[in-house]
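Report on the structure given below.
The values are calculated or read from the model by the stated rules, or taken from the named source; none is laboratory data. Since the model is a prediction, treat every value here as computed from it, not as a measurement. Glycine gets a Cβ as well: all are built from the backbone with ideal geometry, and neighbour counts include every protein chain shown.
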Amino acid sequence: MRDYEIWHDEHKGNSSVNEYWHGILFVPLDKKDKIINLIRKIRDEHKYSYEKKLKFARSLKKLKDGKIINNNLSLFSHLLITKQAEANTKIYNRNKKDIYNREFDNFLEINDLFDCKFALLKVPDNHKGFDKYPMTYFERVETTFGFVFRGTMHLFFNKENPVNIRKFYFDGYEHHGGGINLTRITKGQLRHYCSIDKTCSIDDRQICDRGINSALMISFVDNIVGAWTAKIQNKKDENNVLHPINGIYERLLENKIMLNVNSKWHKSITISEVCVKDSKIEFPYIFRDDRQKTLF
């Protein structure tokens, strides 16, 4: 059984679109230090301080932030690769001079498998459909997190590849007005190949209260969640910031990630949504058509 940590970030709509997105990255504990080291190398290349917050918001219009987030998305795409033969990613930091001189040297090359998993769950009405249930807004958020957490554990892992959750990381309890309840988010029966460690804990500090490594990971997950919501919403991307996730996106549209065992990212990512319809909770596939079924 392999130990994993869960890193969570949320994305909310704006004043015109009231929605909520849960993004969770499953990170093997034995790979975390190497991932953080790669994040540091990307920041070093761009001379971007480890202490500086790197948020996805407005990065599609800010060239400097967009370039480093583009590199972070290249790293993210590699972290989900499941086939060793496909595990080669070169990361570049090209400026106009390099392009003019046709110089295309990479500053980083990655060849390892990391066995990370990623899940994104959209709550289209920001939990309004859950109003009939006797819960606070914060409890509704915890409940929908539990949906995506349990559903994707069962989806991503199996008896040959069991998982043990050691820790949860959330980007600040102040976003929802209270501390995260471990009992609520882990409530429900798990299959025999999934377990919550007896020592499992939650780190829900604000990013400004974190150490450097923890803050770097929280920022990294923010970039991932922001990028995917922007991609799904078809946001204008003149600087091709989102290019590294295009291949995954195309395979998700064709439903190949789950069905094709030879896929480069087989069973390493899922994107869905949750809604209340006719008093029943449903989990439609976000790229659905009439032939596709829920992944939960």
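Annotation for segment 237-244: at least one member residue is more than 16 Å from Lys117 (Cα to Cα), hydrophobic (A, V, I, L, M, F, W, C) and not in a helix (DSSP H, G or I). Within the bounds of segment 46-55, is there any residue that is more than 23 Å from Asp204 (Cα to Cα) and in contact (Cβ under 8 Å) with a residue 24 or more places away in the chain? There is at least one residue in segment 46-55 that is more than 23 Å from Asp204 (Cα to Cα) and in contact (Cβ under 8 Å) with a residue 24 or more places away in the chain.
Could you grab me the full set of residues in segment 162-185 that are in a loop (DSSP other than H, G, I, E, B), modelled with pLDDT of 85 or more and buried (at least 17 other Cβ atoms within 10 Å of the Cβ)? Spell out the reasoning first.
Taking segment 162-185 as the starting set, the residues that turn out to be in a loop (DSSP other than H, G, I, E, B) are 162, 171-172, 176-181.
Now drop any that are not modelled with pLDDT of 85 or more, which leaves 162, 171.
The one that is in a loop (DSSP other than H, G, I, E, B), modelled with pLDDT of 85 or more and buried (at least 17 other Cβ atoms within 10 Å of the Cβ): Asp171.
Quick check on my filter: what residues within segment 115-139 are surrounded by 19 or more Cβ atoms within 10 Å (Cβ to Cβ) and more than 28 Å from Ser268 (Cβ to Cβ)? The answer is Phe130, and nothing else.
Are any of the residues in segment 189-198 of a type in the set (Asp, Glu) and either surrounded by fewer than 20 Cβ atoms within 10 Å (Cβ to Cβ) or in a loop (DSSP other than H, G, I, E, B) (or both)? Yes, segment 189-198 contains at least one residue that is of a type in the set (Asp, Glu) and either surrounded by fewer than 20 Cβ atoms within 10 Å (Cβ to Cβ) or in a loop (DSSP other than H, G, I, E, B) (or both).
For segment 42-60, state whether one or more residues are in contact with an Asp or Glu (Cβ under 8 Å, 6 or more places away or on another chain) and among the aromatic types (Phe, Trp, Tyr). Yes, that holds for at least one residue.
Would you point out the residue of segment 11-65, among those that are part of a loop (DSSP other than H, G, I, E, B) and hydrophobic (A, V, I, L, M, F, W, C), that is nearest to the chain's Cα centre (by Cα)? Steps first, answer last, please.
Within segment 11-65, the subset part of a loop (DSSP other than H, G, I, E, B) is 13-19, 46-62.
Subset that is hydrophobic (A, V, I, L, M, F, W, C): 17, 54, 56-57, 60.
On the way: Val17: 21, Leu54: 16, Phe56: 13, Ala57: 15, Leu60: 18 Å.
Looking at the filtered set, the residue picked out is Phe56.
Is there a residue in segment 84-100 that is touching a residue at least 60 places away in the same chain (Cβ under 8 Å) and closer than 16 Å to Ser268 by Cα? Give the derivation first.
Taking segment 84-100 and keeping what is touching a residue at least 60 places away in the same chain (Cβ under 8 Å), we get 86.
Add one more test, that the residue is closer than 16 Å to Ser268 by Cα, and what stays is 86.
Looking for residues that are touching a residue at least 60 places away in the same chain (Cβ under 8 Å) and closer than 16 Å to Ser268 by Cα, one finds at least one in segment 84-100, hence yes.
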